[in-house]
Amino acid sequence: FTVFTFSVGYSAVALNHVIDFKEKKQEIVKPVSPSELFPSLPIVQGTSKRIKVLTRLTLVISDPSHCNLLRSTSPNIRLYDIIAVFPKTEKLFHIACTTLDVDLVCINVTEKLPFYFRRPPVNMAIDRGIYFELLYTPAIKDSTMRRYTISNAISLMQICKGKNIVISSAAERPLELRGPYDVANLGLLFGLSEGEAKAAVSTNCRATMLHGETRKSACGIVYTVKKPRKAEEEEALPACKKAKTQA
Amino acid sequence: RGGMALSESVAGATTFERRVLRSAGEHHYLRVRLELPDGGARPNVAQFKQLVVSALRELHGEAGAALPVDVLTYEEKTLSALLRVVSSGLVKLWSALTLLGFYQNRRCAFRVLQTSPFLLALAGNSRELVLD
């Protein structure tokens with residue numbers, strides 16, 4: 001599979017685990033480390049670096065109690081590089097965009113959306129740096145799914161104006177993968193502009209990876225404050241310099 | 001189709017004419033390869049063209065299927081072809097080829113290797129360059 005992705009032209013791949021909370025007793029298992037699966041990774045076409053393989057967790061949530069798992073500090077969750085959430089109801093979509101600590105919000109493409117997107121939670125998600133994900137593999141398999149994919153994507157575009165979109169494949173076979181420029185062209189079909197479509201495959205994905213890394217590493221911020229100077233010196237400094245030294 | 005702009009210098013000493021052509025050309029050319037992993041019968045030229053047109057029809061309907069697409073070359077052994085399409089229809093054709101999943105109930109995939117508004121640019125492919 002990775003040899004194939006290398007020949008099609010990608011430089012990073014994420015392996016996905018889907019956890020569906022409707023079934024009972026789901027536990028988050030430790031992700032399979034990529035080094036166990038592939039002893040040596042092939043080199044990206046055109047550069048001398050190897051393909052990056054990341055691990056990713058997708059949580060299908062249909063109930064607010066499922067979100068507690070994200071808030072609890074389960075040790076296994078921290079091992080995943082990217083965390084994605086698949087909300088099934090409008091309330092959960094709102095919660096996912098505003099408070100949950102995730103990197104991606106998956107948008108359902110296989111059936112008609114049960115809720116309409118509204119602008120406030122989408123804008124808050126964009127401010128927080130959360131990306132919306134669209135899948136394209138169902139569109140390859142079935143024509144009804146094609147219609148749902150395109151209609152859901154277009155309604156998402158109307159609300160978010162093309163920002164913060166990631167298009168990815170949920171491929172299970174190497175044949176279902178498409179090259180990066182092909183996928184960027186699909187973005188044009190969904191209503192993105194050319195620059196946004198290319199970004200949906202390249203820049204936004206990289207931003208998601210970085211978002212995941214910062215989520216894994218950053219737990220708090222330490223900043224230093226300079227002690228205020230004596231009164232007569234403060235008056236001598238011009239106003240802008242004062243602001244800088246106090247920051 | 002090409003936009004042209006005419007401009008003259010302000011002082012009037014020398015007049016010059018500037019032509020700006022905005023369109024890249026009438027046609028876009030695509031080099032594609034069909035991947036059929038199962039070792040079944042390979043399509044010939046006519047079947048290949050029919051496959052492309054049916055892909056357009058599936059995604060863009062009758063208006064898409066009416067898009068003027070030409071198969072310039074076709075190699076049955078490697079299943080690779082050169083397609084030509086009107087520039088305005090590039091997005092439609094490319095997306096139709098991307099989302100095609102089945103050929104006669106066999107799983108398949110289209111790989112677009114090169115695309116360019118100039119046919120000569122498809123002659124060299126730096127991705128297939130083998131460095132010793």
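A short reminder: the numbers here are calculations on the coordinates, not readings from a lab. Source: prediction; values computed, not measured. Heads up, the Cβs are rebuilt from the backbone with ideal geometry, glycines too, and the neighbour counts pull from every protein chain shown.
Considering only C-alpha atoms, what is the centroid distance from the stretch A:94-123 to the stretch B:55-132, in Å?
With the stretch A:94-123 and the stretch B:55-132 each reduced to a Cα centre, they are spaced 35 Å.
On alpha-carbon atoms, Rg over Rh for the stretch A:157-200 using Kirkwood Rh?
Result: Rg/Rh = 1.01.
Under the Kirkwood approximation applied to all pairs of distinct alpha-carbon atoms, what is the hydrodynamic radius of the stretch A:67-216 in Å?
It is 15.7 Å.
Exposure proxy check: A:V225, A:V166, A:V53, B:V20 ranked by fewest other beta carbons within 10 Å?
Least to most surrounded, the residues fall as A:V225, B:V20, A:V53, A:V166.
What does the charge add up to near B:R106, with Lys and Arg as +1, Asp and Glu as -1, over the other residues with Cβ less than 12 Å from its Cβ?
Combined, the nearby Lys, Arg, Asp and Glu give 0.
Got a sec? How would A:D182, A:D63, B:D38 order by Cβ neighbour count within 10 Å, fewest to most?
Listed from fewest to most nearby Cβ atoms, that is B:D38, A:D63, A:D182.
What ranking do A:Y223, A:Y131, A:Y116, A:Y148 get, fewest neighbouring Cβ atoms within 10 angstrom at the top?
Least crowded to most crowded, the residues run A:Y223, A:Y116, A:Y148, A:Y131.
Percent antiparallel among DSSP beta bridges with both residues in the stretch A:67-216, to the nearest 5?
0
Could you tally the net charge around A:R147, taking each other residue with its Cβ under 12 Å from the Cβ of A:R147, Lys/Arg +1 and Asp/Glu -1?
Summing Lys and Arg as +1 and Asp and Glu as -1 gives -1.
Let me test this: with uniform point scatterers at the alpha carbons of the stretch B:27-122, what is the Debye-based log₁₀ I(q)/I(0) at q = 0.10, 0.15, 0.18, 0.20 1/Å?
Normalising to I(0) and taking log10 leaves -0.23, -0.52, -0.76, -0.95.
When only Cα pairs under 8 Å and 6 or more residues apart are kept, what is the percent relative contact order across the stretch B:27-122?
46
Over 22 Å between Cα atoms: which of A:K112/A:K141; A:K112/A:K161; A:K52/A:K198; A:K88/A:K216; A:K163/A:K216; A:K141/B:K77 fall into that group?
Beyond 22 Å: A:K88/A:K216; A:K163/A:K216; A:K141/B:K77.
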